[in-house]
Number of protein chains: 2
Amino acid sequence: MIMFKDAMSDEIETVMSAAWKAFYQYKKMSLKSRADFMRSIAIELKNQEEDLVKTAMRETNLTEERLHGELTRTIFQLNQYAAACERAEWVEAAIDTPKPNNKSSHDIRKMLIPLGPVVVFGASNFPFAYSTAGGDTACAFAAGCPVIVKAHPAHAETSEKVANAIFKVVEKSKMPKGIFAHVHGASIEVGKMLVMHPHTKAVGFTGSFAGGKQLFDWGNQRKDPIPVFAEMGSINPVFLLPEKLKTSAEEIAQMYAASITQGVGQFCTNPGLIIGIKGDDLKNFISILAKEIEKTAPHKMLHPGIAKAFDEKREKALHEKNVTLVSVSSIGKKENEGTPTIATTSGESFLNNPLLHQEVFGPYSLVVQCTDQKQMVEIARHLEGQLTSTLMASENDFLSNEELIEEIKNICGRFVLNGVPTGVQVCLAMQHGGPFPATTDSRFTSVGADGVKRFARPIAFQNWENKFLPDELKNENPLKIWRTVNNEITKDAVK
Amino acid sequence: MIMFKDAMSDEIETVMSAAWKAFYQYKKMSLKSRADFMRSIAIELKNQEEDLVKTAMRETNLTEERLHGELTRTIFQLNQYAAACERAEWVEAAIDTPKPNNKSSHDIRKMLIPLGPVVVFGASNFPFAYSTAGGDTACAFAAGCPVIVKAHPAHAETSEKVANAIFKVVEKSKMPKGIFAHVHGASIEVGKMLVMHPHTKAVGFTGSFAGGKQLFDWGNQRKDPIPVFAEMGSINPVFLLPEKLKTSAEEIAQMYAASITQGVGQFCTNPGLIIGIKGDDLKNFISILAKEIEKTAPHKMLHPGIAKAFDEKREKALHEKNVTLVSVSSIGKKENEGTPTIATTSGESFLNNPLLHQEVFGPYSLVVQCTDQKQMVEIARHLEGQLTSTLMASENDFLSNEELIEEIKNICGRFVLNGVPTGVQVCLAMQHGGPFPATTDSRFTSVGADGVKRFARPIAFQNWENKFLPDELKNENPLKIWRTVNNEITKDAVK
């Protein structure tokens with residue numbers, strides 16, 4: 001294992017100065033050149049696929065198949081966000097021309113422009129797709145922002161290799177040198193220096209609540225506060241409604257046994273909470289789920305620290321008052337493996353014990369047995385913000401649970417009907433982000449091309465001559481993009 | 001003068017509980033019913049125009065003409081944002097249908113939904129347009145959020161009357177009772193209780209830096225941080241470029257004498273800083289501006305506190321090192337009036353003295369005399385975030401100042417060319433908001449219908465049956481709104 005030295009303040013100073021300088025060059029470049037740059041990175045990652053996957057396998061214990069899939073996703077993201085960058089709907093171009101009968105009325109034209117250098121903290125559970133050349137980096141490049149990646153120490157070598165791939169593209173495509181930087185840092189000090197640096201204008205983070213909240217607080221404590229987009233995970237409640245449960249217990253149990261243990265449960269969308277109403281149908285569901293879990297083998301977790309934390313949190317949860325173990329994998333666990341585990345508790349105990357609302361990162365889920373529908377609503381009302389919530393419901397269930405559905409809408413960013421929350425599709429309509437503490441800013445997504453908007457802000461140009469305006473706002477609409485002209489959405493030129 | 005009692009914690013508890021209850025009813029109402037509600041408020045304000053203007057005149061010292069204009073603007077905002085609410089582009093409806101060849105691909109549909117109850121702190125300088133039924137309230141109603149207004153103590157009676165007009169409409173249109181509340185509070189404690197209340201989900205504020213920053217900090221210190229949109233004003237720098245100054249000194253001086261003293265300088269877009277290059281042309285400009293200012297009469301400011309603060313800040317600024325008084329109004333000042341004042345200093349002194357970067361709220365402007373173009377760029381680079389910046393430039397000036405223009409773009413939300421920053425047009429393309437400390441969130445506007453988005457967040461529905469989806473996302477597009485379907489902007493139904 002290669003050891004990387006933590007960045008020192010002089011290295012950070014150098015990196016940030018270069019990023020600031022690059023910002024002035026990069027922000028003036030066309031959307032097409034940004035998109036070309038992103039597509040070139042995608043190609044370079046593909047070229048290095050074998051080596052990257054091998055390195056990541058060694059560092060993360062993730063399977064070859066999974067890592068190939070994740071790299072493919074990373075490449076897909078870069079290409080998809082590049083296409084969105086060029087389509088330019090994200091710049092939200094809006095034009096209001098002067099009213100002919102009003103002498104004091106002006107020509108006002110607005111579009112989004114980049115915020116400035118963005119610091120990205122990669123995720124341990126996604127060494128490619130949410131790390132060095134992952135979603136946050138791709139969004140920032142599309143927005144016109146230089147990126148400074150703080151490598152995740154759990155896959156520092158993979159991160160270094162991906163960074164080198166980006167550096168190669170920067171050089172080949174003659175991009176400003178400071179457009180991308182990569183620093184190491186196992187200590188919290190490196191993160192703090194990066195977030196507090198005056199040239200940093202936004203932060204992207206995927207990881208624990210403790211880590212994300214700390215960065216958020218630093219961002220707000222600056223002389224000029226900056227947005228910190230921290231995706232801090234959640235327990236992703238699943239509500240099982242009675243008729244659906246009666247008719248599909250086996251199917252649901254199988255789906256969920258797979259979802260809970262997929263990737264050794266190391267997904268921010270892992271269903272850590274299943275809520276049903278006490279009775280024979282729920283009992284039946286639990287017993288099928290229990291058997292499925294028993295059959296599921298433990299697997300190595302991302303790194304020893306995560307495996308240890310899983311064991312500890314799992315043990316702690318199992319020892320809470322009124323929590324009963326339902327089943328564990330019957331297959332012996334080796335070192336650093338996570339054992340699939342299901343526990344159960346009553347609705348009342350869950351409502352009264354906030355500790356049970358906390359994420360146990362790994363293949364663990366808690367089944368909550370409510371006394372009735374009313375208690376289920378009560379639980380939805382008292383849950384913290386979530387990335388996702390899921391409803392398993394027949395049509396009758398749906399129609400007779402309006403109150404529950406309204407409560408669920410209030411707490412989540414994505415609302416799944418009759419499915420599993422794991423698997424976050426990369427598309428424009430995706431919302432990956434939810435009310436605090438799932439993320440620090442529920443108004444933005446970290447998956448899908450709308451994530452670009454995290455790193456941009458509007459500027460309005462008043463009474464500018466046409467030739468001086470950015471192409472996005474010129475009368476003739478040279479980029480042929482969608483714009484809102486005098487409140488009408490159109491691709492037409494301004495007359 | 002009627003004395004209003006500060007709200008107590010039990011009153012706030014009652015108000016917030018009612019708002020939370022109303023939220024569940026209001027969020028389900030159609031965009032059309034929200035828009036109708038807003039239009040009814042506009043009509044009611046118009047009905048009460050004479051009484052409202054008279055009350056505001058007594059409380060604010062603003063002129064009858066100005067207050068009629070401001071009420072007209074308030075009514076216009078309500079109607080314009082109501083229209084935007086119904087057009088529904090702000091919900092950013094996006095639909096991705098499953099890929100036919102990919103079994104694991106889902107149906108994902110996203111739209112913006114309301115955040116929850118919004119607390120609005122009105123502005124002392126806009127008793128109608130940015131207070132009780134002003135921009136923030138209109139945006140929150142359009143977004144689907146109940147509103148709790150904390151009346152500004154400087155126009156508490158006006159605020160009470162506007163609130164009563166809204167209450168009347170709430171009753172007549174059978175809206176949920178808690179959709180609007182109005183509390184008084186001269187003490188900081190009332191504001192704190194409102195911002196910290198768990199049911200509060202966002203805050204709108206227009207006022208001083210000290211006030212806005214305090215609310216922002218409270219919002220971030222909550223167990224669940226909430227967005228606080230504080231518009232805290234700025235000094236709105238104006239850059240005079242040489243050729244323009246040579247040819248149009250008189251015209252610019254007259255425009256700016258009027259802009260600086262308009263409304264006794266009590267606008268957040270008041271040009272408090274004019275930057276030129278030392279020489280005969282700037283000297284000429286200053287002398288014309290000086291004469292114009294001498295001719296301009298002082299007028300009563302909003303309230304004695306603001307008049308006192310203006311005098312103190314003006315005196316303090318004039319006593320800073322290397323600051324010279326250029327001219328004051330030659331017309332005698334009466335009690336609580338603000339005297340139009342121009343001062344000047346060197347570029348170097350301005351760069352080295354951050355105190356000169358602070359707003360002097362009132363009819364005051366500082367002319368900075370730079371040694372050269374380079375120093376002007378240096379000043380732009382070191383300026384804090386601004387709501388607006390203005391460039392007075394000929395075509396040649398524009399073409400030979402690219403570096404300056406890029407710096408200016410970095411610091412402001414609205415970039416005016418050859419005009420004055422005062423007068424914020426209410427239109428979709430407007431951006432009223434800028435980098436910190438002009439506002440707490442440069443990514444949003446407080447003027448124009450895009451301000452609605454401050455109070456909403458996206459939710460994605462995964463694999464929902466068509467009939468259960470909100471109308472905005474149904475296949476057949478019953479509302480006939482613009483949506484992005486599989487990355488194409490269209491009004492077509494989903495096939």
Problem set entry | Only one of A:Val120, A:Val91 that is closer than 30 Å to B:Asn487 by Cβ, out of contact with any Ser or Thr (no Cβ under 9 Å at 6 or more places or on another chain) and buried (at least 20 other Cβ atoms within 10 Å of the Cβ) | A:Val91
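What number of residues in region A:420-452 are on the phi > 0 side of the Ramachandran plot and surrounded by 24 or more Cβ atoms within 10 Å (Cβ to Cβ)? Reasoning before the result, please.
Let us first name the residues in region A:420-452 that are on the phi > 0 side of the Ramachandran plot, namely A:423, A:433, A:448.
Subset that is surrounded by 24 or more Cβ atoms within 10 Å (Cβ to Cβ): A:433, A:448.
The qualifying residues number 2.
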Exercise. How many residues does region B:486-495 contain that are more than 9 Å from chain A (Cβ to nearest Cβ) and crowded, with 16+ Cβ neighbours inside 10 Å?
Worked result: 1
Exercise. If you go through region B:343-355 one residue at a time, do you hit one that is buried (at least 16 other Cβ atoms within 10 Å of the Cβ), under 16 Å from B:Phe239 (Cα atoms) and touching an Asp or Glu at 6+ places or on another chain (Cβ under 6 Å)?
Worked result: no
Exercise. Quick one: how many residues across region A:1-27 are over 28 Å from the mean Cα position of the chain (by Cα), part of a loop (DSSP other than H, G, I, E, B) and at pLDDT 95 or above?
Worked result: 0
For this session: Would you check if there is a residue in region B:393-406 being touching a residue at least 40 places away in the same chain (Cβ under 8 Å) and under 24 Å from B:Asn125 (Cα atoms)?
Result: no
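Looking at A:Glu251, A:Glu231, A:Glu243, can you tell me which residue is of a type in the set (Asp, Glu), over 22 Å from A:Val323 (Cα atoms) and crowded, with 19+ Cβ neighbours inside 10 Å? Even if it seems obvious, please write down each step before you answer.
Details: A:Glu251 fails: crowded, with 19+ Cβ neighbours inside 10 Å; A:Glu243 fails: crowded, with 19+ Cβ neighbours inside 10 Å.
None of the other options fit; the residue is A:Glu231.
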Seminar exercise, completed: Selection from region A:86-142 of residues under 30 Å from B:Thr422 (Cα atoms), in contact (Cβ under 8 Å) with a residue 24 or more places away in the chain and part of a loop (DSSP other than H, G, I, E, B) yields A:Glu92, A:Ala93, A:Thr97, A:His106, A:Asp107, A:Leu115, A:Gly116
For this session: Pull up region B:179-217, narrow it to residues that are of a type outside the set (Lys, Arg) and within 11 Å of chain A (Cβ to nearest Cβ), then point me to the one that is surrounded by the most Cβ atoms within 10 Å (Cβ to Cβ).
Result: B:Ala202
For this session: Check region B:375-387 and report whether any residue there is away from every other protein chain (no Cβ under 14 Å) and among the basic types (Lys, Arg).
Result: no
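In the set B:Leu282, B:Leu302, B:Leu289, which member is in a loop (DSSP other than H, G, I, E, B), aliphatic (A, V, I, L, M) and assigned by TED's automatic domain parsing to the domain that holds B:Val368? Give the steps one after another, and end with the answer.
Numbers: B:Leu282 fails: in a loop (DSSP other than H, G, I, E, B); B:Leu289 fails: in a loop (DSSP other than H, G, I, E, B).
Of B:Leu282, B:Leu302, B:Leu289, the one residue that is in a loop (DSSP other than H, G, I, E, B), aliphatic (A, V, I, L, M) and assigned by TED's automatic domain parsing to the domain that holds B:Val368 is B:Leu302.
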Seminar exercise, completed: When every residue in region A:49-102 that is away from chain B (no Cβ under 14 Å) and hydroxyl-bearing (Ser, Thr, Tyr) is compared, the one farthest from the chain's Cα centre (by Cα) is A:Thr55
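Do you know which residues across region B:144-178 are in a loop (DSSP other than H, G, I, E, B), in contact (Cβ under 8 Å) with a residue 60 or more places away in the chain and surrounded by fewer than 20 Cβ atoms within 10 Å (Cβ to Cβ)? Explain how you work it out, then say what you get.
First, the residues of region B:144-178 that are in a loop (DSSP other than H, G, I, E, B): B:144-146, B:151-152, B:173-176.
Add one more test, that the residue is in contact (Cβ under 8 Å) with a residue 60 or more places away in the chain, and what stays is B:144-146, B:151, B:173, B:175-176.
Once the filter is applied, which keeps residues that are in a loop (DSSP other than H, G, I, E, B), in contact (Cβ under 8 Å) with a residue 60 or more places away in the chain and surrounded by fewer than 20 Cβ atoms within 10 Å (Cβ to Cβ), region B:144-178 yields B:Ser173, B:Pro176.
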Problem set entry | Counted residues, region B:257-279 - those being closer than 21 Å to B:Lys308 by Cα and either touching a helix residue (DSSP H, G or I) at 6+ places or on another chain (Cβ under 6 Å) or in the same structural domain as B:Thr206 (by TED's automatic domain parsing) (or both) | 1
For this session: Can you tell me which residue within region A:459-483, out of those that are acidic (Asp, Glu) and more than 8 Å from chain B (Cβ to nearest Cβ), is surrounded by the fewest Cβ atoms within 10 Å (Cβ to Cβ)?
Result: A:Glu476
Seminar exercise, completed: Given (1) among the β-branched types (Val, Ile, Thr); (2) more than 13 Å from the chain's Cα centre (by Cα); (3) crowded, with 24+ Cβ neighbours inside 10 Å, A:Ile113 misses just (3)
For this session: Only residues in region A:345-360 that are within 21 Å of A:Ser327 (Cβ to Cβ) count as the first member; pair them with residues that are β-branched (Val, Ile, Thr) and surrounded by fewer than 19 Cβ atoms within 10 Å (Cβ to Cβ), Cβ under 8 angstrom, at least 6 apart or cross-chain, and list the lot.
Result: A:Thr345/A:Thr324; A:Ser346/A:Thr371; A:Gly347/A:Thr371
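Select from region A:408-458 the residues that are among the β-branched types (Val, Ile, Thr) and out of contact with any strand residue (DSSP E or B) (no Cβ under 6 Å at 6 or more places or on another chain) and write down the one among them that is nearest to the other protein chains (Cβ to nearest Cβ). Spell out how you get there, then give the answer.
Going through region A:408-458, the residues among the β-branched types (Val, Ile, Thr) turn out to be A:408, A:411, A:416, A:420, A:422, A:424, A:426, A:439-440, A:445, A:447, A:452.
Now restrict to residues that are out of contact with any strand residue (DSSP E or B) (no Cβ under 6 Å at 6 or more places or on another chain): A:420, A:422, A:424, A:426, A:445, A:447, A:452.
Details: A:Val420: 10, A:Thr422: 11, A:Val424: 10, A:Val426: 10, A:Thr445: 7, A:Val447: 10, A:Val452: 12 Å.
That would be A:Thr445.
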Seminar exercise, completed: Scanning region B:390-403 residue by residue, those in contact with a Leu (Cβ under 8 Å, 6 or more places away or on another chain) and more than 9 Å from chain A (Cβ to nearest Cβ) turn out to be B:Leu391, B:Met392, B:Ala393, B:Ser394, B:Asp397, B:Asn401
Problem set entry | Members of region A:330-342 found to be more than 19 Å from A:Gly233 (Cβ to Cβ) and buried (at least 16 other Cβ atoms within 10 Å of the Cβ), listed by number | A:Lys333, A:Asn336, A:Glu337, A:Thr339, A:Ile342
Exercise. When region B:185-206 is examined, which residues are found to be assigned to a loop (DSSP other than H, G, I, E, B) and at pLDDT 95 or above?
Worked result: B:His197, B:Pro198, B:His199, B:Thr200, B:Lys201
Exercise. Are any of the residues in region A:339-351 part of a strand (DSSP E or B) and under 24 Å from A:Pro127 (Cα atoms)?
Worked result: no
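The values are calculated or read from the model by the stated rules, or taken from the named source; none is laboratory data. Model, not experiment: these values are computed from the prediction. Positions of Cβ are backbone-derived with ideal geometry, glycine not excepted, and every protein chain shown enters the neighbour counts.
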